[in-house]
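First the structure, in the form of structure tokens, and then the observations on it.
No lab work stands behind these numbers, since they all come straight from the coordinates. Please read all numbers here as calculations on a predicted model, not as lab measurements. Note that each Cβ is placed from the backbone with ideal geometry, even for glycine, and that neighbours are counted across all protein chains shown.
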Amino acid sequence: MTTRIHSLKVRASRAAAVASMAVMMIAGGATAAQAAPAEGDFGYQACSNVGGGTWCQGTQPDGLLKECYSNYKHNSNYHSATAAMAGGTETRYASAGYWARANITAGWAYTCYTYYNPNA
């Protein structure tokens with residue numbers, strides 16, 4: 001019985017994370033091109049030139065937990081980076097030429113979602 005309750009809690013948390021991501025995308029927080037699941041090996045970092053800036057996103061260990069991060073730098077616009085996982089979301093903003101660095105930590109079973117906004 002305990003395993004089943006845990007499984008239902010995990011599924012509910014995942015559903016909440018997906019729902020919050022959908023709300024954010026519908027509300028204009030990100031477009032499909034600006035959002036990506038970020039799963040990788042230990043210390044994996046993927047950087048891309050997108051939206052006129054540089055976006056680095058991925059996961060890495062944080063003790064026994066997983067850190068989900070999104071870092072975005074745009075040289076001419078005020079911009080933002082967002083990391084979402086396990087129902088939590090963190091968004092950070094930065095002026096042109098500076099890194100917006102967002103991160104959130106949760107268990108390894110959760111999926112990390114990352115976003116950038118070149119015109120925050």
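Would you please give the residues with an amide H less than 5 Å from that of Thr111, counting only those at least 5 places away or on a separate chain, with H modeled from the backbone geometry?
Correct list: Ala86.
Taking the Cβ-Cβ separation of Ala46 and Ser76 as r and a Förster radius of 25 Å, what is the calculated FRET efficiency to the nearest 0.05?
About 0.60, to the nearest 0.05.
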